[in-house]
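Comments concern the structure below.
Just so it is clear, none of the values below were taken in a lab; they were calculated from the coordinates. Everything numeric here is computed off the predicted structure, so don't read it as measured data. Every residue, glycine among them, receives a Cβ derived from its backbone with ideal geometry; neighbour counts consider all protein chains shown.
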Amino acid sequence: MAARLIDEDPALAHEHALAASRSAGRIAVVRETVAITAYAVGDFALALRELRTFRRISGRDDQIALMVDSERGVGRPDRALEVGRAVDRASLPTEVRVELAIAMSGARLDLGEPERALQELDIPELDPDTAYPWSPGLFAARAAVLEELGRDDEAAQWQQRADVAAAAIGEIDADSETIEIDEIDEIDEIETDEPAEIETDEPADDEASGQEDGPEERA
């Protein structure tokens, strides 16, 4: 029920998650669900507590980006960066790595470091010519940072790419683990790790000269 309600009524979803935790509090997915719904209703302190419990029970870092964002939510961007740097990113699934990059970039913005926020997003998954499930969010995050830097033309280019990627990618089929790609003329079904080609008239290169070195990998 929490999964069904999270988008339309996060508060009610959270109540269902809390009810589950009262009877099955030692199950990792239950604590994970409480954390996600707590984050959705803005209770970042509870989200952090539940995410730590989920991590301890499961031994997984699947929700590391949410932990970073929750640290930001309680006003600790420095701590958020520490949490993000503490994990081995090479061991994370690709989508989790991308989500972590976006969260780390946000923490840099919280600290008033837009140049370093942009560097956090300089990751191999930032391919402007293809659309993966994570591409719209990554492109939009880059657009937001570029706008913060006053590079409005580049920001508009990346926001356009985000919009095109979002339009190209259909909904994920949970049973077959495929995504539908809308190529305008036809809809193809492909594996989730296969990209959709994105065609835009904008150049891909938006690197600025004189940009200081950032943390390893893009943070």
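Give the average over all directions of the projected area of the C-alpha convex hull of segment 63-155, one decimal, in nm².
One quarter of the hull surface, i.e. the mean projection, equals 5.7 nm².
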Computed curve, segment 8-51, Cα-only Debye sum without solvent term, log₁₀ I(q)/I(0) at 0.24, 0.30 Å⁻¹, is -0.71, -1.03
Here D for segment 1-155, in µm²/s, from Stokes-Einstein with a Kirkwood Rh over Cα pairs at 37 °C and 0.692 mPa s, works out to 201 µm²/s
Counting every C-alpha pair in segment 88-131, the percent lying more than 12 Å apart is 60 percent
A chain fully extended from ARG52 to VAL74 at 0.36 nm per residue, minus the present Cα-Cα distance, gains in nm 6.4 nm
Nearest-0.05 FRET efficiency for GLU115 and ALA11 at R0 = 45 Å, using Cβ-Cβ distance, is 0.75
Once Lys and Arg are counted +1 and Asp and Glu -1 for all other residues with Cβ under 11 Å from that of VAL74, the total becomes +1
Simple SL model, points at 7 angstrom along Cα→Cβ for GLU148 and ASP88; separation in nm is 3.0 nm
If amide H atoms are modeled at 1.01 Å from N in the peptide plane, then the residues at a separation of 5 or more from THR130, or on another chain, having amide H under 5 Å from its own are ILE198
Heads up, segment 42-97 by the C-alpha gyration tensor (a ≥ b ≥ c square roots of eigenvalues; a/c under 1.5 rounded, else a/b over b/c prolate, else oblate) looks oblate
Residue by residue through segment 129-143, the couplings from Karplus 6.51 cos²θ - 1.76 cosθ + 1.60 with θ = phi - 60°, in Hz, x for Gly and Pro, are 9, 9, 10, 9, x, 8, 4, x, x, 5, 5, 5, 4, 5, 4
Sequence order, segment 62-73: Karplus ³J(HN,Hα) from phi using 6.51 cos²θ - 1.76 cosθ + 1.60, θ = phi - 60°, Hz rounded, Gly and Pro as x, gives 4, 10, 4, 5, 5, 5, 4, 5, 5, 4, 4, x
Ranked output for segments 94-101, 55-62, 161-168 by mean other Cβ atoms within 10 Å, highest leading, reads 94-101, 161-168, 55-62
A chain fully extended from ALA167 to ALA19 at 0.36 nm per residue, minus the present Cα-Cα distance, gains in nm 49.6 nm
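From the C-alpha coordinates alone, can you work out the Kirkwood hydrodynamic radius of segment 103-176, in Å? Mind dumping the intermediate values first?
Working: mean 1/r = 0.0785 Å⁻¹.
Computed over Cα pairs of segment 103-176, the Kirkwood hydrodynamic radius comes out at 12.7 Å.
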Sorted by chain and then number, the residues having a modelled amide H within less than 5 Å of the amide H of ILE169, at least 5 places away or on another chain, are ASP182
